[in-house]
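Reading through the structure tokens given below for one structure.
Only the coordinates and a few stated rules stand behind these numbers; no lab work does. None of these values were measured; they are calculated from a predicted model. Positions of Cβ are generated from backbone atoms using ideal geometry, with glycine treated the same way; all protein chains shown enter the neighbour counts.
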Amino acid sequence: MASAAVRVPAEADAAAGFRGAMRRLASGVAIITTKGDDGPVGMAATSITSLTMEPPAVLVCINQSAGIHSCLAPGCPIGVNILSRHQRDVSAAFGGAVAREKRFEVGQWVPDRHELPMLDEAQANLTCTVFSMTPFGTHSIVVARVDAVRLSERVEPLIFQDGGYL
Ligand SMILES: Cc1cc2nc3c(=O)[nH]c(=O)nc-3n(C[C@H](O)[C@H](O)[C@H](O)COP(=O)(O)O)c2cc1C
């Protein structure tokens with residue numbers, strides 16, 4: 001049977017086709033946090049990926065224009081807060097809807113023993129240390145080792161797809 005799929009010729013508009021493809025990729029959402037010189041900083045990211053089990057490590061792709069980017073370097077502590085289904089407001093705030101200095105007013109944030117901001121009621125809180133930052137185009141691929149993990153009781157992740165939440 002013929003498929004109703006819309007084909008976007010790569011040579012005609014590769015960027016639109018790529019954007020459309022990525023809108024079809026469902027992803028969990030995490031808030032990446034660290035300690036800046038003037039207080040906590042954070043942003044929403046869907047590009048968080050499990051990298052290796054040995055050692056436990058993640059990668060996240062961060063736009064070089066994002067406020068958090070200039071706060072990061074190898075050896076820096078970062079928090080990775082994997083959002084729960086009920087935390088859309090936190091995702092939106094840290095995705096840019098709320099000014100940087102007011103974002104931590106959205107959600108219940110508590111500092112861990114390294115003073116990294118950690119989100120209460122997240123699906124998981126990972127305490128990590130940046131291992132490397134590799135620039136690629138507009139972004140940096142940040143590899144971080146996982147030092148500690150806190151898990152919620154239930155698995156109810158927030159899922160982002162097609163510009164909205166499931
Ligand atoms: C659901 C969602 C996922 C996002 N994922 C990423 C991502 O993986 N990498 C990235 O650089 N920006 C991502 N963004 C955009 C940043 O969160 C956004 O540009 C943020 O405002 C950057 O922080 P700043 O305002 O402090 O510069 C995402 C935004 C949303 C809402």
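The set of residues in segment 95-119 being surrounded by 14 or more Cβ atoms within 10 Å (Cβ to Cβ) and touching a residue at least 12 places away in the same chain (Cβ under 8 Å) consists of Gly95, Arg100, Arg103, Phe104, Val106, Gly107, Trp109, Asp112, Leu116, Pro117, Met118, Leu119.
The number of residues in segment 14-39 that are closer than 19 Å to Thr129 by Cα and surrounded by 12 or more Cβ atoms within 10 Å (Cβ to Cβ) comes to 7. Restricting attention to segment 67-94, the residues that are within 13 Å of the ligand (Cβ to nearest atom), among the small types (Gly, Ala, Ser) and crowded, with 18+ Cβ neighbours inside 10 Å add up to 2.
For segment 111-165, the tally of residues that are of a type in the set (A, V, I, L, M, F, W, C), under 26 Å from Asp38 (Cβ atoms) and part of a loop (DSSP other than H, G, I, E, B) stands at 2.
Could you tell me which residue of segment 45-57 is farthest from the ligand (Cβ to nearest atom), considering only residues that are more than 20 Å from Phe94 (Cα to Cα) and in a strand (DSSP E or B)?
Looking only at segment 45-57, we keep the residues that are more than 20 Å from Phe94 (Cα to Cα), and these are 50-57.
Those still in the list that are in a strand (DSSP E or B) too: 50-52, 57.
Working: Ser50: 14, Leu51: 15, Thr52: 19, Ala57: 17 Å.
Out of the qualifying residues, it is Thr52.
When segment 121-141 is filtered for residues that are hydroxyl-bearing (Ser, Thr, Tyr) and under 14 Å from the mean Cα position of the chain (by Cα), the ones remaining, listed by number, are Thr127, Ser140.
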